[in-house]
Each structure stands twice: as structure tokens, then as C-alpha cells.
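K.L.:
There's a structure below that I have some questions on.
The values are calculated or read from the model by the stated rules, or taken from the named source; none is laboratory data. Because the structure is predicted, anything quoted here is derived from the model rather than measured. Don't worry about glycine lacking a Cβ; one is built from the backbone with ideal geometry, like all the others, and counts go over all protein chains shown. These accessible areas exclude ligands, DNA and RNA; they are computed on the full protein's heavy atoms, side chains included. Shrake-Rupley method; radii C 1.70, N 1.55, O 1.52, S 1.80 Å.
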Amino acid sequence: MRTAARAGACGPYQIDNVSVESYLNYTNQQPSGSVRAPTAPQVCWALEQHMDELAGELGIDPVELRRRTLIEEGAEGPTRQVFEEIGIKQTLERAVEMIGYDRELPEDEAIGVAVGWWPCMPAPSGAYIHLNGDGSGTIVTGAQENGSGAVMAMPAFVAEELGMSPDDFTLLYQDTAAANWDMGSCGSQTTFNSGRAVLAAAADVRDQLLDAAAAELETDREDLELTDGSVRVKGSPDRAVSVADLASAGTIHGKGSGEVPEAPTGDTGGCVGRLGNETFLAPQLITQAAHVKVDRGTGVVRVLKVAAAHDSGVILNRLGADGQVTGGVVMGVGLALSEGTVLDDEGRQRNPHLLDYKLVTCSDAPEIEVDWVEIPAKGAGPRGTKGVGEPPQVPTAAAIANAIAKVVGTHVRQLPMTPERVWAASRDAQR
């Protein structure tokens, strides 16, 4: 993920001159794996604190500095990618509005703001949809459901396309022996890629239904509509045939994959060791604002509220998307304040269990307010969508860090920002 880290180090900012070097460090300690926007939260944590420090040196408010420097339509990215319409500036304004950025707070409380971004990951995918003789249907996809709801939402997408009810469909999923290959639950790509394939399969089924109904009703297919589990003549609801009758009279079996979006062009001639993501396809853009309370005497930090505003294109499943942000923010709070592997001198983990590895629980989680800036993404996911799953964790720790710094007078330089580290930073600032 070095390429994503390099782009993350530049952030969604307009920068005329860029030089970034990244390294992979091999150790003999325990191996690690990717989880939710790998490299991005840590890099964003550093960059966004740097932005606040720059604002301090310039004598302007950190939000104002971001207003002046964030990318917008027509702006160039670090590899000269020219961006189409994007909503990062709108997410900034919405987040500070939701958090009440300009209000007066007690001296032990503050609000920090951070922005971030993450690419969409195009990949091949495929799906089948079979209609049964009783009017029910089966959706077959290799996509994996890990609790995000991305796969479980697919019956709703198909039902809308076919004028049926989501309850009419069952799912056969996660089995690539039955379905086409899928890249798995990673890259914020299930709706982006597998959703595209399912909707393409639904369009195939729709065409078959219209053709069969046109023959049955002896009319042109352009005069037909699919609604309430039947195909009927527009303006003549009595002239109709049910989906069940059409499916029982023949085979209605659709398949689809959809065209895989291509990454935008850019000047990548200066990128050595290219691994992908030198340009960001349909970048997902985020602003989060964190309201925290800090006990200077102990270094204990309590996150009171996080306001999260996201541009993830058109949102097809609002409940599921809100849940992704809520979960991502809670993970970000853990990354910021408590979660960290502790190793002894011989490389053994000293906190391998949940008693010592401090995950955030419901009692620790702050109030979380979520909103969306819905700008249809061109040449991206189905119906103008982008990914959703990974970006919610990207700027959380950075927003919390900037809020802590406002209270204690300096930035904490190591993750997680434990009470000991916050207390030490506060003491250093007082000297």
C-alpha cells in the first residue's frame, strides 16, 4: 500500500511541487496485515497535524487554511490528475456546521478538524440472477458479506430494477464455485464492483421479461413497464402478465459484469516502483470534526462527539452507509487513543488479549453525526456511486489529535495518544 500512503501524504490539497519518498521496513517482529484503509489513517494523522501547525505559523484558522487549499473541480492532484466535480470543500463546511466549530468551549475542551481521501478500486466481477416459476428469484454473487450490509442490500437494488419486492429474492453469495470471481471484502469495492455486476444482470433479466411480455401481450416492448411483480402496458393496467407466469413459461436467467472503470490519466513519470493508485479513481473525500475533553492532570481524553461529512457519490443504501461511517469512526477513536501492539525485547506481543489490547466499547464511543455530500461520480460505480467502507476511519485520529493539541498546547507525536503520552506532551508545553 505504499502508493496509497504516498498519495495520502499529499492529501486532497492543491500542491504545486511534490516530492515524496516511501520505504518498506522489514523486521523480525510479528507480521501484520491490512485492515480498513491500510496506511491512510496513520499518514493522515501526521499530515493533518502538520496542516494545523502551518495554520498556526501563518496566523490563520486551520479551517480557513483548508478552505484555501483543498482540491476542487479542475484542480490538479500530486500526479497531475485533473479532478472532475468533487465535494471535499462541501464536506468541510458541513462538518464544521454539524460540530458547532465557532462556539465557545470550556478551557479543557476543543474541536479539531481533519480531512482525508481514499481511492475507489475497480476490479472485474460477475453475477447471475435466476427467476423461478413462483415469481421468486435468486441472486448469485461471489461477493463476501462481512457484516457491512453491502451484499444484503443487493435484493433491494434488483427489485427496484425489476419492479419487484426485495423479499422476492434470496442470495447465494461468497461461493465462487457457483458465482464468478470476486476480489473479496476489501478496497471498499463490494457495491462499486459487485453491485455493478448485479445491476447488469438485472438489466439482462429486465430485457428478457420485456421481450417475453411483448410477445405474450402482442405489443411493443417500449409500451411496457415492470411494476408490482408484473409487466403491464403503460396506461392500461388490465393488460398485464405476472413475472411468475413469464418465468414458469420459460427460462429467465440473467448474467452481467458491467464495464470495469478505468483509472484517470496523470503524469506518473516521476513515480518509481509503480504499484497502482498513482491516480485516484473517483476519490472518496471526507471531513471529520472531533469535540474532545482533556484532563491535563491525568492525560485522559474523552471524545464527546464526532461530526463526519463524506463525499461517496450517490448513496444507494443510506442505513448501511451511515453504519459504515459509525463503525469507522469508532475504530478511528481506538486507533487514536488506546489501540497499539506492545512488544517485549524479543519481539513477543505483551498485549495479545482483549483485556490488555484496549478496543473501544459502546461506553467509550462518542456521539456520531453523519451526513453526505451526494455528487454523482462519473465513470465510477453503479448509479454514480463510490466506495464507502474504508474512508470513515481515515481522518478520525487526526481530528482528535488536533483537538488535543488545542487543549494541551502541543501535538502528541506517537500513536496511540495514551494518557501517559498526552500528559507528557502537556507538561512539555508548560515548560
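K.L.:
Check which residues have an amide H placed less than 5 Å from Gly137's amide H, if you skip close sequence neighbours.
P.N.:
Asn132, Phe169, Thr170
K.L.:
Specify which labelled value, from [x] 51.2; [y] 74.8; [z] 25.1, agrees with mean projected area of the Cα convex hull in nm² derived from the coordinates of the model shown.
P.N.:
Label of the calculated value: [z].
K.L.:
Now for a separate question. Please list, or write none, the aspartates and glutamates whose alpha carbon is within less than 19 Å of the alpha carbon of Lys255, excluding same-chain residues fewer than 8 places away.
P.N.:
Glu160, Glu161, Asp168, Asp175, Asp182, Asp204, Asp207, Asp211
K.L.:
Angle check, please: helix 88-99 long axis (alpha carbons) against the longest principal axis of the chain (alpha carbons), in degrees 0 to 90, nearest 10.
P.N.:
The two axes meet at around 70 degrees.
K.L.:
Shifting gears a bit: Can you list the aspartates and glutamates whose alpha carbon sits under 12 Å from that of Lys89, skipping same-chain ones fewer than 8 residues off?
P.N.:
Glu64, Glu72, Glu73, Asp311
K.L.:
Tell me the carbon and sulfur percent of the accessible area for region 134-208, rounded to whole percent, probe radius 1.4 Å.
P.N.:
Working: 1310 of 2820 Å².
Carbon-and-sulfur percentage of accessible area, whole number: 46.
K.L.:
Projecting each Cα onto the charge dipole of the chain (Lys/Arg +1, Asp/Glu -1 at the beta carbon, about the Cα centre), which of Ala153, Thr298, Leu24 comes out farthest on the positive side?
P.N.:
Comparing the listed Cα positions along the dipole, Thr298 ranks first.
K.L.:
Find how many whole Å separate the alpha carbon centroid of region 106-146 from the alpha carbon centroid of region 297-362.
P.N.:
20
K.L.:
Name the long-range amide H neighbours of Ala110: under 5 Å, sequence gap of 5 or more, or other chain; modelled H, no Pro or chain starts.
P.N.:
For Ala110, the qualifying residues are Val292.
K.L.:
Now a separate question. Go through Gln393, Leu355, Gly379 and say which Cα lies farthest out towards the positive end of the charge dipole of region 315-431; charges sit on Cβ, +1 for Lys and Arg, -1 for Asp and Glu.
P.N.:
Of Gln393, Leu355, Gly379, it is Gly379.
K.L.:
Mind checking the full-extension length gain between Glu259 and Glu222? Use 0.36 nm per residue of separation minus the Cα-Cα distance, one decimal, nm.
P.N.:
Values: separation 37, 0.36 × 37 = 13.32 nm, distance 2.51 nm.
Full extension from Glu259 to Glu222 adds 10.8 nm.
K.L.:
Just from its helices, what would the mean residue ellipticity at 222 nm be for the chain, if runs of 4 or more DSSP H residues each count -39500 (n - 2.57) and the sum is divided by every residue, rounded to the nearest 500 deg cm²/dmol? Walk me through the numbers before you get to the answer.
P.N.:
Details: 10 runs with 131 residues, N = 431.
Calculated mean residue ellipticity at 222 nm is -9500 deg cm²/dmol.
K.L.:
Taking amide H atoms as placed 1.01 Å from N in the peptide plane, list the residues 5 or more away in sequence, or in a different chain, whose amide H sits under 5 Å from that of Gly184.
P.N.:
Here Gln144 satisfy the definition.
K.L.:
Okay, moving on. Over 22 Å between Cα atoms: which of Lys358/Lys386; Lys305/Lys406; Lys305/Lys378 fall into that group?
P.N.:
Working: Lys358/Lys386 32 Å; Lys305/Lys406 16 Å; Lys305/Lys378 33 Å.
Violating the 22 Å Cα-Cα cut-off are Lys358/Lys386; Lys305/Lys378.
K.L.:
What list of ³J(HN,Hα) couplings, whole Hz, do you get for region 61-75 from phi and the Karplus terms 6.51, -1.76, 1.60, once you set θ to phi - 60° and write x for glycine and proline?
P.N.:
Karplus values, whole Hz, x for Gly and Pro: 5, x, 5, 5, 4, 5, 4, 7, 10, 5, 5, 8, 4, x, 6.
K.L.:
Karplus couplings for region 216-222 from phi (6.51 cos²θ - 1.76 cosθ + 1.60, θ = phi - 60°), rounded to Hz, Gly and Pro as x?
P.N.:
Working through the residues one at a time gives 5, 8, 6, 8, 6, 5, 5 Hz.
K.L.:
Here's another thing I want to ask about it. Using a Förster radius of 51 Å, what is the FRET efficiency between Leu359 and Arg239 based on their Cβ-Cβ separation? Nearest 0.05, please.
P.N.:
Working: r = 60 Å, r/R0 = 1.17.
The computed FRET efficiency comes out at 0.30.
K.L.:
How much accessible area per residue does region 79-120 have, in Å², with a 1.4 Å probe?
P.N.:
Values: 1770 Å² over 42 residues.
So region 79-120 comes to 42 Å² accessible per residue, rounded to a whole number.
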